[in-house]
Amino acid sequence: MTLKRLAGYGPAFVLAVAILLIWQLIVKGHLITATILPPPTAIVQALLDNWDVLSVHTLQTTMETVLGLGIATILGVVLAILLDLSPWIRRAVYPLLITSQTIPMVALAPLLIIWFGLDLSPKIIVVALYCFFPIAVAFADGLASTDPELMKLMQSMKATRWQALWLVRLPGAMPSFFSGLRIAATYSVTGAIVGEYVAAQQGLGIYMELAARSNVVVLVFAAIVVTAVLSLLLFGLVSLLERIALPWHQSQISKR
């Protein structure tokens, strides 16, 4: 990472530190009770003191998140290609795809628990449902926005439809795919937490719920911190994969 890129994170870092300092001072000044809003130092201490238990729940949530995101990626890519290749499929499926996003996952999660039990399956499905839409839509839009001049060039070279897809359309749509994947990566942890809130034996969601029921607010915040870090790590991993896969794209060249 270059100094230029590091400097770009400077304002966000300064703002985050300022917020944490103000938060610490407000609580230490007894403007807000620490049992309601623990200071950042207490949250960090609680995280360290309870890491043995938290790490087990974090591993469970990470497993659900990665598996669900992986399934959503595969299904999203396949559907996006089908939508692009067949106008009939696009007209039939696209409205249903949009409509599916109006269904609240909090209402759907209990049904998945009833159908699939308390193991990993329902949580993975919830994560996949959260992540599927942005990947499929972004990739489909990327395929649909292929440069017409490049397609004319492929036609002049007598390329088949599949050759044009493989050599021109898929590479051209990859920036859109990674944009959707970045969004999905941030949704994925939320999906796992929602599934765990409904019914689970392990995971950050059930950990937060049990801590909240016990009125141990500091442990709720500790789990929230772990959740945020996990989301940021997934987002960063996708961004790293994008830089590796698309070194030629203008968005990556401008970051060097």
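Karplus-derived 3J(HN,Hα) values for segment 54-69, using 6.51 cos²θ - 1.76 cosθ + 1.60 with θ = phi - 60°, are 4, 5, 5, 5, 5, 4, 4, 5, 4, 4, 4, 5, 5, 5, x, 5 Hz; glycine and proline are entered as x.
Please give the peptides 227-239, 56-68, 30-42 ranked by average Cβ packing (other Cβ atoms within 10 Å per residue), highest first, as a rough proxy for protection.
The most tightly packed comes first, giving 56-68, 227-239, 30-42.
Dipole magnitude for the chain: computed about the Cα centre from +1 point charges on Lys and Arg Cβ and -1 point charges on Asp and Glu Cβ, it is near 840 debye.
Dipole orientation for the chain: of the candidates ILE193, ILE124, THR102, THR102 has the Cα lying most toward the positive pole (charges on Cβ; Lys, Arg +1; Asp, Glu -1).
Positive end of the dipole of segment 1-146 (Cβ unit charges, origin at the Cα centre): among VAL44, ILE32, SER86, the Cα lying farthest that way belongs to SER86.
Model label sites at ALA144 and LYS158, defined 7 Å from Cα along the beta-carbon direction, differ in position by 3.3 nm.
For the chain, the longest principal axis of the Cα atoms and the long axis of helix 204-213 meet at an angle of about 30 degrees. Helix content alone sets the calculated 222 nm mean residue ellipticity of the chain: runs of n ≥ 4 DSSP H residues at -39500 (n - 2.57) each, divided across all residues, give -26500 deg cm²/dmol. Given a Förster radius of 22 Å and the C-beta distance between ARG243 and TRP166 as r, what FRET efficiency does 1/(1 + (r/R0)^6) yield to the nearest 0.05? Once the sixth-power term is evaluated, E becomes 0.45. Using only Cα atoms and rounding to the nearest 10 degrees, what angle (0 to 90) does helix 10-28 make with the longest principal axis of the chain? The two axes meet at around 20 degrees. Only the Cβ atoms of Lys and Arg (+1) and of Asp and Glu (-1) were treated as charged; on that basis the dipole of segment 155-245 about its Cα centre amounts to roughly 520 debye.
Simple spin-label model, 7 Å along Cα-to-Cβ: LEU31 to ILE89 in nm? It is 5.7 nm. The simple spin-label model puts a point 7 Å past each Cα toward its Cβ; for ARG213 and LEU75 those points are separated by 3.0 nm. Each residue of segment 187-203 was assigned a 3J(HN,Hα) from its phi angle through the Karplus curve 6.51 cos²θ - 1.76 cosθ + 1.60 (θ = phi - 60°); the sequence is 6, 4, 5, 4, x, 5, 4, 4, x, 6, 4, 5, 6, 6, 9, 9, x Hz, with glycine and proline shown as x. The phi-based Karplus calculation (6.51 cos²θ - 1.76 cosθ + 1.60; θ = phi - 60°) puts the 3J(HN,Hα) values of segment 97-112 at 5, 5, 4, 4, 7, 7, 7, x, 5, 5, 7, 7, 4, x, 5, 5 Hz, whole numbers, x for Gly and Pro. Counting other Cβ atoms within 10 Å as a rough exposure proxy, the listed residues PHE139, PHE132 run PHE132, PHE139 from fewest neighbours to most.
How much FRET efficiency would the formula 1/(1 + (r/R0)^6) give for LEU233 and LEU48, where r is the Cβ-Cβ distance and R0 is 22 Å, rounded to 0.05?
Working: r = 19 Å, r/R0 = 0.85.
E between LEU233 and LEU48, to the nearest 0.05, is 0.75.
Determine the dipole magnitude for segment 58-160: charges of +1 sit on the beta-carbon of Lys and Arg, -1 on that of Asp and Glu, nothing else is charged, the reference point is the Cα centre, and the result goes in debye to the nearest 20.
Numbers: 5 positive and 6 negative charges, 48 e Å.
Roughly 220 debye, rounded to the nearest 20.
What is the extension gain from VAL14 to THR102, computed as 0.36 nm multiplied by their sequence separation minus the C-alpha to C-alpha distance, in nm to one decimal? Don't skip to the answer; put the middle values down first.
Values: separation 88, 0.36 × 88 = 31.68 nm, distance 3.77 nm.
In short, 27.9 nm is gained.
The angle separating the long axis of helix 120-144 from the principal Cα axis of greatest extent in the chain is about 40 degrees.
Where a number appears in this text, it was derived from the coordinates with a stated rule and is not lab data. All of these numbers come straight from a predicted model, not from anything done at the bench. Positions of Cβ are backbone-derived with ideal geometry, glycine not excepted, and every protein chain shown enters the neighbour counts.
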